[in-house]
């Protein structure tokens, strides 16, 4: 007979064994053809550029926060789901009201545009655009040079 | 025979609570402080569930734990939103460097 | 299952239900109206008023909603509908109406009028949290209500995003708030382990038994006090107060200093009175269960709070910050009244709160009007303002004199009842400390008046004219401050009638 901690030990053994066997079996079965490309960080076949520690677009965080809230609110449906039948129509309505309020929250976020991914406007390379861009850049360069000279003097 | 009893749960929860408080006190990064708070909340959650299982207090403690999970998520969401907002203004989220308001 | 009891419960929480419905209405109206949001504040006032009428109509009834626990003789719920809760609900609702009126004229809020729907929805969240908080007698309901209140107020503290200090205030408020509420929850979990329940009435009856581990209980109660102390900004949980009060929009500062503090005190009164009192003596003094010495703790907190608040207020040049420290000091007086652990003490707290709400709201409103015009809350910018804008000057004199507690203003009556309760409890040393504190407070309140009347206006001083609407709102606060200083009997009677039913 195992003690309580014995069960946990068996559980840990099983967990380690599961992962170990899976990796070992994969190694046995899969073809083994190493190339330089396979050692690079996965980036859709492109050569990776720069550090992976870039700043993500702030929209990711907003969407993540919204997801977090709605994901976890649903936990409150568990106790309701267990007991609503005992309360008949009342219990059903209570859950419906909860869901409607959640839905209003969702509608609010939708309407306020927090679910929209603010895409940059597509920059179609028309000739006029290109010329304008070039002139802009040159003028910027001039300004930069001016400020640099100011700093040195 | 060694049984997993109430003490073991309380031990884990006490460790979590202490780690949480340690994080809150020593970390300067606001996000780290929030992680400390989450540890404290989860320590309380373990307490609730353990007490309701071993004390024969009924299912109350487990329902309370559900509520706490939801509140912790709401708290984290609002806290992170505020931290984002602070980052936009101060470009830094170290709690001891954001001190424009002081005597 | 028992549908009649559910029906009963729902009837007892009608005000909260109405408030929730109005919250949803505000959100939906905000969605429908695209740009013209002028109607929303009036809708908000309407909601508060309707809820207030419902509260008044059920003021003298009492009962428990959501019965979860019962002893041999009585049944207890999670939510106590009683006159004490009714009193605090009325106070909170009237303060909320004033705050909404403030926001209509505030230039800070006008600048963000596109998001004003969110603003009022969050205010509704705060009010809902407070209304549940003042009636909750179950520790978990208390925690949930406290979180609802706190989460809304964190956002509101940084809502306008006009200046750096807004987001800084929100960050500081949020950090201190989540930490203290986390500690409180851990304390609650320990109490749950000790007693097997979260209902304050049942905790009381279990604490009277012999088998409670005193040391653990002490630890748990101190943790719970961290949460409560944060809300009432008692030393040593006050660090957020000056920064948040200075950084938040003035309307929200005024709101936090009155309404959310009132809810915190209601919570403190309930926790002590229901959880830890074994019986109420015929002379109105409470006999504590000998497991926790509330009196020593409260006296200590109160002396620290009022002394630190008053001494720090002395060298503040920003008026909002000064009023923040002064509100800490006032919290100290209120804790002192509660420390008497008697029914008179609670009556004194309630009376003081009515007057404190009037004068503090008024003072913050004047600071807001002046800051709207001059863009500054600095005391040096008040030089000579008493002559250029006499209406605001005279109003500020009355309000500050009342905050000091001098006759013939309402503040005097509040302090009078407070000191009578303290002397009744034979706490002479603390009473002397409180009087000395009042003398100290005289200095910094009068310093403002000195700047307004005795200092020559510098060139930068602008003349400030209050508009008609602002004058009316201000009169609604100043006139009662004077009136209740002379004719205060109805207030006292009303307060006492709210207390009589209070019993263990």
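Overview of results
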{"item": "Sole residue being assigned to a loop (DSSP other than H, G, I, E, B) and crowded, with 16+ Cβ neighbours inside 10 Å, chosen from C:464, C:448, C:440, C:422", "result": "C:464"}
{"item": "Meets criteria (assigned to a helix (DSSP H, G or I), modelled with pLDDT of 85 or more, within 14 Å of chain A (Cβ to nearest Cβ) and in contact with a strand residue (DSSP E or B) (Cβ under 8 Å, 6 or more places away or on another chain)) for residue C:5", "result": "no"}
{"item": "Candidate set: the stretch B:45-75, residues that are closer than 21 Å to residue A:69 by Cβ and more than 7 Å from every other protein chain (Cβ to nearest Cβ); chosen: the one surrounded by the most Cβ atoms within 10 Å (Cβ to Cβ)", "result": "B:45"}
{"item": "The stretch C:160-207 - residue that is part of a loop (DSSP other than H, G, I, E, B) and surrounded by fewer than 24 Cβ atoms within 10 Å (Cβ to Cβ) and, of those, nearest to the other protein chains (Cβ to nearest Cβ)", "result": "C:196"}
{"item": "Residue list for the stretch C:264-294, filter: in contact with a helix residue (DSSP H, G or I) (Cβ under 6 Å, 6 or more places away or on another chain), within 23 Å of residue C:209 (Cβ to Cβ) and in a helix (DSSP H, G or I)", "result": "C:272, C:274, C:275, C:294"}
{"item": "Options B:101, B:80, B:71; residue that is within 28 Å of residue C:320 (Cα to Cα) and at pLDDT 90 or above", "result": "B:80"}
{"item": "Test for residue C:222: is it touching a helix residue (DSSP H, G or I) at 6+ places or on another chain (Cβ under 9 Å), facing chain B (nearest Cβ under 9 Å), assigned to a helix (DSSP H, G or I) and within 25 Å of residue B:35 (Cβ to Cβ)", "result": "no"}
{"item": "All positions within the stretch B:80-90 that are more than 10 Å from chain A (Cβ to nearest Cβ) and in contact with a helix residue (DSSP H, G or I) (Cβ under 6 Å, 6 or more places away or on another chain)", "result": "B:82, B:85, B:86, B:89"}
{"item": "Flag for residue A:108 being more than 14 Å from chain B (Cβ to nearest Cβ), at pLDDT below 85, over 19 Å from the mean Cα position of the chain (by Cα) and surrounded by 14 or more Cβ atoms within 10 Å (Cβ to Cβ)", "result": "no"}
{"item": "Unmet requirement for residue C:326, which otherwise passes all of (1) assigned to a helix (DSSP H, G or I); (2) within 14 Å of another protein chain (Cβ to nearest Cβ)", "result": "(2)"}
{"item": "Where a residue in the stretch C:22-41 is away from chain A (no Cβ under 13 Å) and its partner, wherever it lies, is surrounded by 13 or more Cβ atoms within 10 Å (Cβ to Cβ) and not in a helix (DSSP H, G or I), with Cβ under 8 Å and at least six apart", "result": "C:39/C:33; C:40/C:33"}
{"item": "Pairs where the first residue, in the stretch A:18-44, is surrounded by 10 or more Cβ atoms within 10 Å (Cβ to Cβ) and the second is modelled with pLDDT under 85, C-beta under 7 Å, 6+ apart", "result": "A:40/A:47; A:40/A:48"}
{"item": "Checking residue C:86 against (1) within 14 Å of chain A (Cβ to nearest Cβ); (2) touching a helix residue (DSSP H, G or I) at 6+ places or on another chain (Cβ under 8 Å); (3) assigned to a helix (DSSP H, G or I); (4) crowded, with 16+ Cβ neighbours inside 10 Å, the condition it does not meet", "result": "(1)"}
{"item": "Filter pass, residue C:70 being under 26 Å from residue C:494 (Cβ atoms) and loosely packed, with under 15 Cβ neighbours inside 10 Å", "result": "no"}
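Results for (1) touching a residue at least 12 places away in the same chain (Cβ under 8 Å); (2) surrounded by fewer than 20 Cβ atoms within 10 Å (Cβ to Cβ); (3) in contact with a helix residue (DSSP H, G or I) (Cβ under 9 Å, 6 or more places away or on another chain); (4) part of a helix (DSSP H, G or I), shown as yes or no for each residue.
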| site | (1), (2), (3), (4) |
| --- | --- |
| C:394 | no, yes, yes, yes |
| C:398 | yes, no, yes, yes |
| C:492 | yes, yes, yes, yes |
| C:495 | yes, no, yes, yes |
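The values are calculated or read from the model by the stated rules, or taken from the named source; none is laboratory data. Given the structure is predicted, the values throughout are model-derived calculations rather than measurements. Quick reminder, even Gly has a Cβ in these numbers, built from the backbone with ideal geometry, and neighbours come from all protein chains shown.
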